[in-house]
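Here is the structure we will look at, set down as structure tokens.
The values are calculated or read from the model by the stated rules, or taken from the named source; none is laboratory data. Note that the structure is a prediction, hence the values are computed from the model and not measured. A quick note on method: Cβ atoms are made from the backbone with ideal geometry, for glycine too, and the neighbour counts reach across all protein chains shown. Only protein heavy atoms, including side chains, enter the accessible area calculation; ligands, DNA and RNA are left aside. Shrake-Rupley method; radii C 1.70, N 1.55, O 1.52, S 1.80 Å.
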Amino acid sequence: MNRRQFLGLLGTGAAAVTTGQIGRALAAAPLGTFLPAQAGERDPAALLIARLTFGVTPALYAHVQQIGAQAFIDEQLAPESLDDGAVESRLAPYQTILAQNGGLLAQQYQKKRQTVTGALLGSTTLRAAYSERQLYERMVHFFSDHFSLFIGKAQVLFLKVDDDRDAIRPYALGHFREILGASAHSPAMLIFLDNARSDKRAPNENYARELMELHTLGVNGGYSEDDVKAVARAFTGWSVQGAKQSSDGRTIYRFRPGFHDRDAKMILGQAIPAGGTESDGETMLDILAGHPSAAQFISTKLVRRFVSDDPPTALVDACAQTFTSSGGAIRAVLRTIFAADEFWSAPPKFKQPYEYTVSLLRALNADVQDDTRFLRGMQKPLQAMGQIPFTWPAPNGFPDVGAYWMSNLLPRWNMAITVAGDQLPGTKIDMNGLVDLLDANNIPLEAEPVLLFLATYLFGRPLSTAERDAVLQFAADTASEPAAQIGAGLSLLLAAPAFQYK
């Protein structure tokens with residue numbers, strides 16, 4: 001079979017698969033098969049790709065194998081050295097919106113909110129799928145959840161464009177105090193958590209409470225209700241100048257001195273003297289960012305994201321020490337994680353739905369050719385899976401534990417079939433990259449060797465004999481042509497538990 005025949009028939013096999021067939025095949029497989037790779041059996045390169053990126057691609061698979069684990073870590077921790085021109089070109093259609101101030105967007109697109117939503121979600125997904133700066137994009141994703149905003153509230157959708165551009169992306173691999181301060185000045189955050197109208201006569205405690213509970217110290221971080229009240233008073237006057245108050249129609253951060261409580265305050269045992277102005281809030285941010293509970297809380301969340309749903313205590317403590325000694329340097333904390341034995345022996349971690357979807361696109365080299373159709377095609381599947389970015393209503397962000405997501409597999413299987421069958425609107429699966437990878441590894445274009453190689457590519461480990469038999473039987477039962485059999489078998493591999501985990 002030549003390359004043209006192979007590429008022509010591959011999608012037909014996947015398109016013929018149903019979720020019922022996948023469910024029956026996985027249920028009939030011997031107990032213990034198709035499980036995610038465990039510590040000690042996974043290729044270290046595959047572990048790195050799974051945890052530091054949004055998923056394997058043919059080019060990335062070859063690249064990491066070539067340069068080695070440590071070089072890849074160093075490369076990803078220095079994203080400014082990586083050329084991301086290709087993804088920037090893909091973002092060009094969105095730049096008119098992405099570069100605009102949220103207040104102006106609200107005036108121009110109030111009756112066309114979907115256009116702004118499309119630019120925000122489209123740019124986020126294109127970056128996740130195509131950026132060379134994968135760890136950086138993972139950290140943008142992390143902090144977007146950490147400083148979570150719900151774009152369904154009032155003007156937050158428009159102001160989230162500013163927040164993403166000015167508060168999250170510039171500081172995602174910087175120092176924690178920087179991104180904390182940027183978020184505190186973000187009009188989107190000030191409006192979402194009701195601080196924009198907070199004044200000395202009736203301080204609003206929403207932002208103060210979430211600042212401590214969700215952004216810095218954690219729910220058990222050692223603060224009291226009196227601390228919440230003091231922080232709320234410190235942030236009175238931290239507000240927003242809306243479009244109607246601006247000569248140019250922009251919405252920006254504004255401190256309103258007349259709203260500020262200038263009396264003395266006490267936070268976590270530290271006194272702030274009377275007479276302060278905007279500096280009271282800055283002092284609060286300094287205290288919270290430098291508090292031992294913040295080091296512990298942020299470290300716990302990072303270890304949970306990159307290592308395990310149940311963060312190992314020793315690694316969290318090591319990261320907290322690094323956090324403190326480095327002044328909250330996120331890169332330093334990540335280096336501590338990636339150097340730890342706990343990272344290299346990490347248990348499987350279930351992918352969030354959005355991660356899983358992007359990993360499907362990356363694994364099969366999906367080329368987004370029509371952004372509008374692509375976004376429409378993605379909306380219903382992501383909604384069915386329960387995770388469209390920036391739509392979690394509560395300020396705590398999407399859950400980062402697998403147990404929350406595991407009971408909703410059917411839409412994931414549907415998405416695997418859709419992508420493998422080249423049926424996702426606005427995209428075209430470019431299998432040439434995978435065929436090049438097969439050629440480079442001397443894999444003949446025949447069903448069994450190709451499916452065995454693809455399993456290693458996707459799972460980070462080879463198939464067991466029982467798994468091989470199950471995949472080949474499934475492929476043979478679904479299609480007659482070898483290439484179509486590969487497409488059918490590929491759908492099963494993408495839907496299997498081993499690819500649902502990272």
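With respect to the conditions (1) in contact (Cβ under 8 Å) with a residue 40 or more places away in the chain; (2) of a type in the set (V, I, T); (3) surrounded by fewer than 22 Cβ atoms within 10 Å (Cβ to Cβ), I330 lacks only one, and its number is (3).
Taking into account only those residues within the range 249-267 that are small (G, A, S) and under 28 Å from A106 (Cα atoms), which is least open to solvent (accessible area, probe 1.4 Å)?
Step one: of the range 249-267, the residues small (G, A, S) are 249, 258, 264.
Filter once more, keeping what is under 28 Å from A106 (Cα atoms): 249, 258.
Working: G249: 8, G258: 53 Å².
Per the criteria, the residue is G249.
In this structure, does Q70 turn out to be within 22 Å of the chain's Cα centre (by Cα) and either exposed (fewer than 14 other Cβ atoms within 10 Å of the Cβ) or of a type in the set (G, A, S) (or both)? Judged against the criteria, Q70 is not a match.
For the range 13-27, the set of residues classified as in a helix (DSSP H, G or I) and either touching a residue at least 24 places away in the same chain (Cβ under 8 Å) or under 28 Å from the mean Cα position of the chain (by Cα) (or both) consists of G13, A14, A15, T19, Q21, I22, G23, A25, L26, listed by residue number. From the list S299, S359, the one residue that fits, being out of contact with any His (no Cβ under 8 Å at 6 or more places or on another chain), crowded, with 22+ Cβ neighbours inside 10 Å, among the small types (G, A, S) and closer than 17 Å to F54 by Cβ, is S359. Taking helices (runs of 4 or more DSSP H) as the structural unit, those lying wholly within the range 409-502 and holding at least 3 residues that are of a type in the set (S, T, N, Q) correspond to 465-478. Take T57 and decide whether it is β-branched (V, I, T), at pLDDT 95 or above and closer than 30 Å to S247 by Cα. Taking the combined requirement at face value, the residue does not satisfy it. Per the conditions (1) under 20 Å from A184 (Cβ atoms); (2) not in a strand (DSSP E or B), the sole criterion not satisfied by S239 is (2).
Would you check if R169 is in a helix (DSSP H, G or I) and either without any contact (Cβ under 8 Å) to a residue 24 or more places away in the chain or open to solvent by 10 Å² or more (accessible area, probe 1.4 Å) (or both)? Explain how you work it out, then say what you get.
On the way: in a helix (DSSP H, G or I): yes; either without any contact (Cβ under 8 Å) to a residue 24 or more places away in the chain or open to solvent by 10 Å² or more (accessible area, probe 1.4 Å) (or both): yes.
Here the answer is yes, as R169 does meet what is asked.
Mind telling me which of the residues D263, D286 ends up being outside any helix (DSSP H, G or I), modelled with pLDDT of 95 or more and not polar (S, T, N, Q)? Show your work before the answer.
Numbers: D286 fails: outside any helix (DSSP H, G or I).
None of the other options fit; the residue is D263.
The single condition among (1) among the aromatic types (F, W, Y); (2) in a loop (DSSP other than H, G, I, E, B); (3) farther than 24 Å from P353 by Cβ that F150 does not satisfy is (3).
State which residue is farthest from the chain's Cα centre (by Cα) when the search covers only the range 233-248 and only residues that are open to solvent by 10 Å² or more (accessible area, probe 1.4 Å) and either closer than 15 Å to G181 by Cα or at pLDDT 90 or above (or both). Don't jump to the end; show me each part of the working.
Narrowing the range 233-248 to residues open to solvent by 10 Å² or more (accessible area, probe 1.4 Å): 233, 240-248.
Applying the additional criterion that residues be either closer than 15 Å to G181 by Cα or at pLDDT 90 or above (or both) yields 233, 240-241.
On the way: R233: 34, V240: 28, Q241: 31 Å.
So, considering only residues that are open to solvent by 10 Å² or more (accessible area, probe 1.4 Å) and either closer than 15 Å to G181 by Cα or at pLDDT 90 or above (or both), the one farthest from the chain's Cα centre (by Cα) is R233.
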